[in-house]
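I have placed the structure first, in the form of structure tokens, so that the comments after it can refer back to it.
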Amino acid sequence: MADTINTMNDLENLVKLAVDAHKGCVEKYSAKDSQETLRKALIEANGGSTVLNYRAIRDGKCPGLFTLIEEILDKTTMDGLQGNEFFNTFVEYRNVAEGDKNVFVLPDTTLFTVDESADGTQAIRRQRLSGSEEISIPTTLKTVRIYEELNRVLSGRVDFNEMINKVAQSFQKKIMDDIFTVWSNLTAANFRDAAYFSTVGSYNEDALLDLIAHVEAAAGSGQAIILGTKKALRRLNPSNISDLAKNDLYNTGYMGKFFGTPVVAIPQRHAVGSTDFLMNDDVLTIVVGDAGKPIKLVKEGNPIMFMRDPAENMDLTQEYFYGEKYGLGFVFAGNENTGIGHYEIA
């Protein structure tokens with residue numbers, strides 16, 4: 001394997017190999033062989049050395065060393081996010097060049113009011129087509145500083161995927177924390193012109209079915225989706241359920257459908273910096289209509305990685321810096337033909 005891909009000139013294949021190894025699905029070679037190949041490529045990019053040399057990097061003797069790691073981290077971070085059901089259902093992801101304007105266009109979908117009028121008259125109220133609206137998502141740089149580990153990778157003392165996993169998972173957690181913070185802070189005002197229905201009280205099947213019917217009636221077409229944490233969705237437990245529904249309860253902890261309405265679980269998370277749950281376990285959200293994916297994730301530019309001068313640290317440890325620029329926002333393209341339901345179970 002080491003002779004197949006062992007130069008930085010084959011960056012694309014090296015990145016693919018690293019991503020496949022990260023996912024545990026290397027097709028042609030063993031995980032050990034893939035790790036050795038990646039380690040040798042890093043050593044080659046590091047001027048043939050297993051030790052980071054600040055002077056060599058400063059003087060441009062290690063071209064491509066951090067480019068390889070930047071490319072791998074960029075792909076593995078997003079790969080981990082796109083395996084999440086909630087992310088795939090409600091998050092729209094864009095990657096734009098540095099400085100490009102990220103614009104989400106909300107078309108004017110308001111319908112005109114049709115009135116009765118007498119024959120031969122034009123004396124009716126005019127209605128204007130108001131046009132579309134443009135919304136941008138601001139981005140900021142998110143960073144981590146890590147010391148020593150790249151040296152251990154180069155010298156074979158640590159699995160390359162261990163370093164990739166730690167950084168990628170750290171960014172995945174940060175992005176998902178930000179996504180669910182956006183979702184948990186939504187109010188009726190965030191849903192713009194959508195028909196918004198709210199019910200508060202003890203759980204009642206008929207009340208929930210009525211809420212679903214209101215939301216679907218407001219949309220005019222389309223099927224509703226019920227969203228909630230697993231604990232919230234456990235309340236959807238009719239007395240007479242099919243064997244298929246029983247299997248859902250046994251395997252996932254909640255029914256996949258509630259009297260024909262699809263159910264999607266929102267993973268529970270801790271609020272940042274505490275062990276308090278972020279998502280409300282007493283809320284069910286019902287959505288219907290063609291509003292697209294309302295949570296927008298925009299990554300701007302390429303990730304950056306560089307090594308800091310060891311002399312800047314009192315203990316002279318080797319340290320590197322990694323950063324990605326991204327932003328999140330809620331951009332709801334709904335209108336009066338989009339229905340939203342909020343059921344707070346008291």
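The values are calculated or read from the model by the stated rules, or taken from the named source; none is laboratory data. Predicted model, so just to flag it, every value in this text is computed and none were measured. Because the Cβ atoms are built from the backbone with ideal geometry, glycine has one as well, and the counts that use them run over all protein chains shown. Areas reflect the complete protein model, heavy atoms only, side chains present, ligands, DNA and RNA absent. Shrake-Rupley method; radii C 1.70, N 1.55, O 1.52, S 1.80 Å.
Among (1) assigned to a loop (DSSP other than H, G, I, E, B); (2) open to solvent by less than 40 Å² (accessible area, probe 1.4 Å), which single condition is Val215 missing?
That leaves (1) as the condition not met.
What number of residues within the range 184-202 are in a strand (DSSP E or B) and not small (Gly, Ala, Ser)?
The qualifying residues number 4.
Among the residues of the range 123-132, is there at least one that is over 30 Å from Leu73 (Cα atoms), among the small types (Gly, Ala, Ser), at pLDDT below 90 and assigned to a helix (DSSP H, G or I)?
No, the range 123-132 contains no residue that is over 30 Å from Leu73 (Cα atoms), among the small types (Gly, Ala, Ser), at pLDDT below 90 and assigned to a helix (DSSP H, G or I).
Whether any residue in the range 175-195 is among the aliphatic types (A, V, I, L, M), touching a Ser or Thr at 6+ places or on another chain (Cβ under 8 Å) and farther than 30 Å from Ile135 by Cα is what I want to check.
No, that holds for no residue.
Going by what's in this entry, would Glu324 be described as touching a strand residue (DSSP E or B) at 6+ places or on another chain (Cβ under 6 Å), over 30 Å from Arg192 (Cα atoms), among the acidic types (Asp, Glu) and at pLDDT 85 or above?
yes
Scan the range 220-248 and report the pairs whose first residue is over 20 Å from Trp183 (Cα atoms) and whose second residue is part of a loop (DSSP other than H, G, I, E, B) and at pLDDT below 80, with Cβ atoms within less than 7 Å and a gap of 6+ or a chain change.
Taking only residues 6 or more apart or on different chains, the pairs are Gly220/Asn337; Gly222/Gly289; Gly222/Asp290.
Has the range 125-136 got at least one residue that is of a type in the set (Val, Ile, Thr) and either within 29 Å of Thr285 (Cβ to Cβ) or touching a Cys at 6+ places or on another chain (Cβ under 8 Å) (or both)?
Yes: the range 125-136 contains one or more residues that are of a type in the set (Val, Ile, Thr) and either within 29 Å of Thr285 (Cβ to Cβ) or touching a Cys at 6+ places or on another chain (Cβ under 8 Å) (or both).
Can you confirm whether Asn161 is modelled with pLDDT under 75 and out of contact with any helix residue (DSSP H, G or I) (no Cβ under 9 Å at 6 or more places or on another chain)? Outline the logic, then answer.
Numbers: modelled with pLDDT under 75: yes; out of contact with any helix residue (DSSP H, G or I) (no Cβ under 9 Å at 6 or more places or on another chain): no.
Against the criterion (modelled with pLDDT under 75 and out of contact with any helix residue (DSSP H, G or I) (no Cβ under 9 Å at 6 or more places or on another chain)), Asn161 does not qualify.
What are the residues in the range 218-244 that are hydrophobic (A, V, I, L, M, F, W, C), under 22 Å from Gln268 (Cα atoms) and part of a helix (DSSP H, G or I), if any?
Selection gives Ala232, Leu233.
Taking the condition of being open to solvent by less than 30 Å² (accessible area, probe 1.4 Å) and part of a loop (DSSP other than H, G, I, E, B), how many residues in the range 257-272 meet it?
Of the residues in that region, 2 qualify.
Please state which of the following conditions Arg235 fails to meet, knowing it meets all the rest: (1) under 28 Å from the mean Cα position of the chain (by Cα); (2) surrounded by fewer than 16 Cβ atoms within 10 Å (Cβ to Cβ); (3) farther than 23 Å from Phe87 by Cα.
The single condition Arg235 does not satisfy is (2).
If you take the residues in the range 101-111 that are at pLDDT 75 or above and part of a loop (DSSP other than H, G, I, E, B), which one is least open to solvent (accessible area, probe 1.4 Å)?
Applying the filter and picking the extreme gives Asn102.
Please enumerate the residues belonging to the range 218-232 that are open to solvent by 60 Å² or more (accessible area, probe 1.4 Å) and more than 17 Å from Ile345 (Cβ to Cβ).
The answer is Gly220, Ser221, Gln223.
Criterion first (farther than 24 Å from Thr252 by Cα, at pLDDT below 80 and part of a helix (DSSP H, G or I)) does Val153 satisfy it?
Numbers: farther than 24 Å from Thr252 by Cα: yes; at pLDDT below 80: yes; part of a helix (DSSP H, G or I): yes.
Judged against the criteria, Val153 is a match.
In the range 173-211, which residues are open to solvent by less than 30 Å² (accessible area, probe 1.4 Å) and under 24 Å from Val91 (Cβ atoms)?
Ile175, Met176, Asp177, Ile179, Phe180, Trp183, Phe191, Ala194, Ala195
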